[in-house]
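Worksheet for the structure shown next.
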2 protein chains.
Amino acid sequence: MKIIKTIQELVEWRSQCEFPVDLVPTMGALHEGHLSLCEALQSKVLPNEKRYLVLSIYINPKQFNNSNDLDNYPVSMNDDIKLCEEQGVDVVFMPNNSDMYTADASVMISETQLSVNLCGAKRPGHFDGVCLVVSKLFNLVRPSRVAFGKKDFQQIAIIQKLIKDLSYPIELVAVETKRELDGLAMSSRNRRLLKEQRAKAPLIYATLQAAKNDNLSSTEELDIKTINHNLEQVFSPLEFKVDYLTIVHADTLQPCSSKNSQALLVLACFMGEIRLIDSIKLFDE
Amino acid sequence: MKIIKTIQELVEWRSQCEFPVDLVPTMGALHEGHLSLCEALQSKVLPNEKRYLVLSIYINPKQFNNSNDLDNYPVSMNDDIKLCEEQGVDVVFMPNNSDMYTADASVMISETQLSVNLCGAKRPGHFDGVCLVVSKLFNLVRPSRVAFGKKDFQQIAIIQKLIKDLSYPIELVAVETKRELDGLAMSSRNRRLLKEQRAKAPLIYATLQAAKNDNLSSTEELDIKTINHNLEQVFSPLEFKVDYLTIVHADTLQPCSSKNSQALLVLACFMGEIRLIDSIKLFDE
């Protein structure tokens, strides 16, 4: 496995690479969710086909609207490298900030429809930062396939749009959310939960599941307000706060009825200062 | 020479192309200026080196702030193809609008420093449109070298910034302005000048040259207001109007003194409804 730390070195490697390249962009603090993205790409490689798998590790400051969140984002570089090695990654690209962004940077990329609500509304500038760094990685790595997790449901819709609108000849492989045995959606930020927060956190997904079951068995629309209220009650001792809880169409991210076959129940919440997101499709595909 | 008319066909061609690719993006109505861009790239190819030269022809609606200008932009497809063939172009890429832009397009690219003044101020949205189409062409063609003309001095500065800020591993080859024998900067829009306008148009560059000579021989700063006034006087019967006339630093495009070694005297003007631009370096390199 090759570790590349500068843009220049990556460009040299890529210009000499004669096989197609797959990419998994990450911010490090790798967990099974990230490894499942690698697996999804690796499983598409045909017998006798040669492709390279690049995993990037870069905590992109431009996508953090909250400097405290950036400062406390978990870092586990040595573990990450070991996991990549075991997973059969070919190249780990881990640039530093001064290589990725110069002080006079003046080009921005914005998605203007899918990014206006939900996390886009709650985290101003977040998706501009995501679009910028993902475009840079696409331009440097020139992958033909890239994998993202469905847990970040809004990010995946926006990057699919970025690929289409900017004419990137890239296939986006969307991978199901990986969960802990107790149901909690895997996230690097879970490492920052206090013990009592972590113990209760599985209730988030359990609540989404219960709402799904209610919806399937009822002729009434889901009562989001009551779910919201109940969540806050259950978690109240933990400084728990729902950031948003709503039902959107899985593709357009526009508000929709819980009876729509593409309805996605989506949640963002704070446990203390840790922000977690999760979602569930109200109808199985 | 191969003519490619769809994005899908281009992506297929590119994925099978095993040699580096050079790109000349144009809006067609080709003239010697465009051919000099091809020559600049061809002259960099080493003996025994195999590279492909792609020339794109696409009148990008997103970079026209004036629909009348778009509707009247000259088209000479058959002549263009013949010129490309004679010039040794390998691939002409000429997509149509519905292939390049879908109705729901929502991703935009903006340069926020170099594009605020001059043509950027006079043609709102123009450089956003340029950045968008150039990025799409970069993503599809994946060139390692691209040529642009110095006549569009602001465009070239902005695209150089786009390349840097979006980490495109692309070398921009900047080519000197090609002029008619009488000094008029070549432009596809020159074809639209009426006979009397065309007869007087060389005075634009002659005026810039005279200003340069004045500047070199004088200890005073250039008097832009007087140059402006004189230009309007000379051209007055032709519905001539200066859109801007100023001195900027060639790299930053910020206003600067005519005594600065990087000073560029830049002009945009209307002859009737035809907008022309030209520029001259006040000191030779």
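Answer yes or no as to whether B:LYS212 is within 25 Å of B:LEU114 (Cα to Cα), in contact (Cβ under 8 Å) with a residue 60 or more places away in the chain and of a type in the set (Lys, Arg).
Considered against the rule, which asks whether it is within 25 Å of B:LEU114 (Cα to Cα), in contact (Cβ under 8 Å) with a residue 60 or more places away in the chain and of a type in the set (Lys, Arg), B:LYS212 comes out as yes.
Just one of the numbered conditions (1) within 30 Å of B:LEU23 (Cα to Cα); (2) touching a His at 6+ places or on another chain (Cβ under 7 Å) is not true of B:ASP251; which one?
Single failed check for B:ASP251: (2).
Testing A:VAL146 on (1) hydrophobic (A, V, I, L, M, F, W, C); (2) away from every other protein chain (no Cβ under 11 Å); (3) more than 14 Å from A:LEU23 (Cβ to Cβ); (4) buried (at least 23 other Cβ atoms within 10 Å of the Cβ), one condition comes back false. Which one is that?
Result: A:VAL146 fails condition (3) only.
Can you name the condition, by its number, that A:VAL242 falls short on among (1) free of Cβ contacts under 8 Å to residues at least 60 places away in the same chain; (2) among the hydrophobic types (A, V, I, L, M, F, W, C); (3) in a helix (DSSP H, G or I)?
(3)
Name the single residue, out of those in region A:112-134 being more than 14 Å from chain B (Cβ to nearest Cβ) and not small (Gly, Ala, Ser), that is nearest to A:ARG51 (Cα to Cα). I'd like the intermediate steps shown before the answer.
Just the residues of region A:112-134 that are more than 14 Å from chain B (Cβ to nearest Cβ), to begin with: A:118-119, A:121-124, A:126.
From the residues that got through so far, the ones that are not small (Gly, Ala, Ser) too are A:118-119, A:122-124, A:126.
Values: A:LEU118: 36, A:CYS119: 34, A:LYS122: 39, A:ARG123: 36, A:PRO124: 37, A:HIS126: 32 Å.
Checked region A:112-134; the qualifying residue nearest to A:ARG51 (Cα to Cα) is A:HIS126.
Looking at this structure, is A:ASN139 more than 8 Å from every other protein chain (Cβ to nearest Cβ), more than 19 Å from the chain's Cα centre (by Cα) and closer than 16 Å to B:ASP165 by Cα?
no
What are the pairs with Cβ atoms under 7 angstrom where one residue, in region B:264-285, is under 12 Å from B:LEU208 (Cα atoms) and the other, located anywhere, is aromatic (Phe, Trp, Tyr) and outside any strand (DSSP E or B)? Sequence gap at least six, or different chains.
Pairs found: B:LEU264/B:PHE153; B:VAL266/B:PHE153; B:ASP278/B:TYR205; B:SER279/B:PHE153.
Does B:GLY88 satisfy being in contact (Cβ under 8 Å) with a residue 60 or more places away in the chain and more than 11 Å from chain A (Cβ to nearest Cβ)? Give the steps one after another, and end with the answer.
Working: in contact (Cβ under 8 Å) with a residue 60 or more places away in the chain: no; more than 11 Å from chain A (Cβ to nearest Cβ): yes.
Spelling it out, it is not the case that B:GLY88 is in contact (Cβ under 8 Å) with a residue 60 or more places away in the chain and more than 11 Å from chain A (Cβ to nearest Cβ).
Is at least one residue of region B:169-178 small (Gly, Ala, Ser), buried (at least 19 other Cβ atoms within 10 Å of the Cβ) and modelled with pLDDT of 95 or more?
The answer is no, given that none of the residues of region B:169-178 is small (Gly, Ala, Ser), buried (at least 19 other Cβ atoms within 10 Å of the Cβ) and modelled with pLDDT of 95 or more.
Taking the options B:VAL45, B:VAL11, name whichever one is in contact with a helix residue (DSSP H, G or I) (Cβ under 8 Å, 6 or more places away or on another chain) and either closer than 26 Å to B:TYR101 by Cβ or away from chain A (no Cβ under 14 Å) (or both).
Selected residue: B:VAL11, the only one of B:VAL45, B:VAL11 that is in contact with a helix residue (DSSP H, G or I) (Cβ under 8 Å, 6 or more places away or on another chain) and either closer than 26 Å to B:TYR101 by Cβ or away from chain A (no Cβ under 14 Å) (or both).
Consider region B:78-93. How many of its residues are among the hydrophobic types (A, V, I, L, M, F, W, C) and exposed (fewer than 14 other Cβ atoms within 10 Å of the Cβ)? Before you say what the answer is, go through the steps one by one.
First, the residues of region B:78-93 that are among the hydrophobic types (A, V, I, L, M, F, W, C): B:81, B:83-84, B:89, B:91-93.
Subsequent filtering for residues that are exposed (fewer than 14 other Cβ atoms within 10 Å of the Cβ) retains none.
Going through region B:78-93 one residue at a time, the tally reaches 0.
Restricting to region B:149-170, name every residue that is away from chain A (no Cβ under 11 Å), of a type in the set (D, E, K, R) and touching a Ser or Thr at 6+ places or on another chain (Cβ under 8 Å).
If the condition is that a residue be away from chain A (no Cβ under 11 Å), of a type in the set (D, E, K, R) and touching a Ser or Thr at 6+ places or on another chain (Cβ under 8 Å), then B:LYS150, B:LYS151 are the ones that fit.
Look through A:ILE109, A:ILE57 and report the one residue that is within 14 Å of chain B (Cβ to nearest Cβ), under 30 Å from B:LEU162 (Cα atoms) and within 19 Å of the chain's Cα centre (by Cα).
None of the other options fit; the residue is A:ILE109.
Would you list the helices (runs of 4 or more DSSP H) that sit entirely within region B:1-76 and hold 1 or more residues that are in contact with a strand residue (DSSP E or B) (Cβ under 6 Å, 6 or more places away or on another chain)? Break it down stepwise before answering.
Details: elements: B:7-16, B:32-42, B:67-71.
Because the criterion is at least 1 residues that are in contact with a strand residue (DSSP E or B) (Cβ under 6 Å, 6 or more places away or on another chain), the helices (runs of 4 or more DSSP H) in region B:1-76 that meet it are B:7-16, B:32-42.
Within the bounds of region A:188-196, is there any residue that is within 28 Å of A:SER144 (Cβ to Cβ), out of contact with any Leu (no Cβ under 6 Å at 6 or more places or on another chain) and buried (at least 19 other Cβ atoms within 10 Å of the Cβ)?
Filtering region A:188-196 down to residues within 28 Å of A:SER144 (Cβ to Cβ) leaves A:188.
Within this subset, residues satisfying the condition of being out of contact with any Leu (no Cβ under 6 Å at 6 or more places or on another chain) are A:188.
Then keep just the ones that are buried (at least 19 other Cβ atoms within 10 Å of the Cβ); that gives A:188.
Yes, there is a match, as at least one residue in region A:188-196 is within 28 Å of A:SER144 (Cβ to Cβ), out of contact with any Leu (no Cβ under 6 Å at 6 or more places or on another chain) and buried (at least 19 other Cβ atoms within 10 Å of the Cβ).
Looking only at region B:14-31, filter to residues that are within 11 Å of chain A (Cβ to nearest Cβ) and surrounded by 15 or more Cβ atoms within 10 Å (Cβ to Cβ); which one of those is nearest to B:ILE170 (Cα to Cα)?
That would be B:PRO20.
Among the residues of region A:94-114, write down those that are over 30 Å from A:ILE4 (Cβ atoms) and crowded, with 22+ Cβ neighbours inside 10 Å.
A:LEU114
Give region A:37-58 a look and list any residue that's surrounded by fewer than 18 Cβ atoms within 10 Å (Cβ to Cβ) and not charged (D, E, K, R), or say none.
A:GLN42, A:SER43, A:VAL45, A:LEU46, A:PRO47, A:ASN48
What are the pairs, 6+ residues apart or on separate chains, where a residue within region A:19-39 that is more than 13 Å from A:LYS151 (Cβ to Cβ) and at pLDDT 95 or above has its Cβ under 7 Å from a residue that is surrounded by fewer than 21 Cβ atoms within 10 Å (Cβ to Cβ) and of a type in the set (A, V, I, L, M, F, W, C)?
Here the result reads A:MET27/A:ILE59; A:GLY28/A:ILE59; A:GLY28/A:VAL75; A:GLY28/A:MET77; A:ALA29/A:VAL75; A:LEU30/A:LEU83; A:LEU35/A:LEU83, each pair linking region A:19-39 to a residue that is surrounded by fewer than 21 Cβ atoms within 10 Å (Cβ to Cβ) and of a type in the set (A, V, I, L, M, F, W, C).
The values are calculated or read from the model by the stated rules, or taken from the named source; none is laboratory data. The structure displayed is predicted, hence computed values, not measured ones. Note: ideal-geometry Cβ built from the backbone for every residue, glycine included; neighbour counts use all protein chains shown.
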